[in-house]
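Readers should treat all values here as calculations from the given coordinates under stated rules, not as data from a laboratory. For clarity, every value in this text was computed on a predicted model and none was experimentally measured. Positions of Cβ are backbone-derived with ideal geometry, glycine not excepted, and every protein chain shown enters the neighbour counts.
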Amino acid sequence: MRLILLGPPGAGKGTQAERLVARYGIPQLSTGDMLRAAASAGTEVGLKAKAVMDAGELVSDTIVNSIVSERIDQPDCARGFILDGYPRTLAQADAVDVMLKSKGLALDAVIELVVDDKALVGRIIKRRDEALAAGQESRKDDDPVVFEERLREYYKKTAPLVGYYYAKGLLHGVDGMATIDAVTAEIEALLANI
Ligand code: AMP
């Protein structure tokens, strides 16, 4: 099964992706996690990406497309994968199309987590407070000011993907304001029917 999880930052894509990994035994490919790992490893790409990420902006399509293309060639992706936080622009969505076609693969579904902005800011503040309370370092881009920029980037560059995938007949909207368990149940129910 090849899935895309779509939704603004803080919508719960990562949380739901983890549950889908456990349920379907396919990996979660989070471009945010991959970029953060590259930044921590101090690679040239990672360091370049870090400055962009810390400002709440989007890393270049070329960088993320090549990271994902290499990743889906790994053996653990043979039975499918969950794309979390990718694609995030129309150019990336076109790249996914080309990438999958060239590998003889296709998407099964795009799941949009539908949430409201005010709740998102609250969730991010909670994520940051929880990280701090646990003695962990909070993500720089979970700072409320940077988060606002991430939301703007989402509406400007990523939200158009909703129409893009609707037109392809792949889009499934899920109420992301429901409880975590209810969201998971709704996703599993819709996946049982595709
Ligand atoms: P995330 O963990 O998905 O919230 O991503 C954190 C940050 O990583 C984003 O704000 C971007 O700066 C960068 N990033 C992650 N995925 C992408 C992507 N598909 N395209 C561009 N930038 C990305």
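Descriptive notes on the structure:
- Computed [θ] at 222 nm, helices only, for the chain once each DSSP H run of length n ≥ 4 contributes -39500 (n - 2.57): -17000 deg cm²/dmol
- Convex hull volume of the chain per residue (C-alpha atoms, cubic angstrom): 121 Å³
- Of Lys50/Lys103; Lys48/Lys168; Lys13/Lys118; Lys50/Lys118; Lys103/Lys157, pairs whose Cα-Cα distance is over 24 Å: Lys50/Lys103; Lys48/Lys168; Lys50/Lys118; Lys103/Lys157
- One compactness figure for segment 140-194 is 1.45, namely its Cα radius of gyration divided by 2.2 N^0.38 Å.
- Long hydrophobic helices in the chain, taken as whole DSSP H segments with a C-alpha length of 27 Å or more on their own axis and mean Kyte-Doolittle hydropathy at least -0.5, are absent.
- For a paramagnetic label modelled on Ala78 (point 7 Å from Cα along Cα→Cβ), amide N atoms under 15 Å away belong, within segment 18-34, to 26-27.
- Point-charge dipole on Cβ atoms (K/R +1, D/E -1) for the chain, about Cα centre, debye to 20: 220 debye
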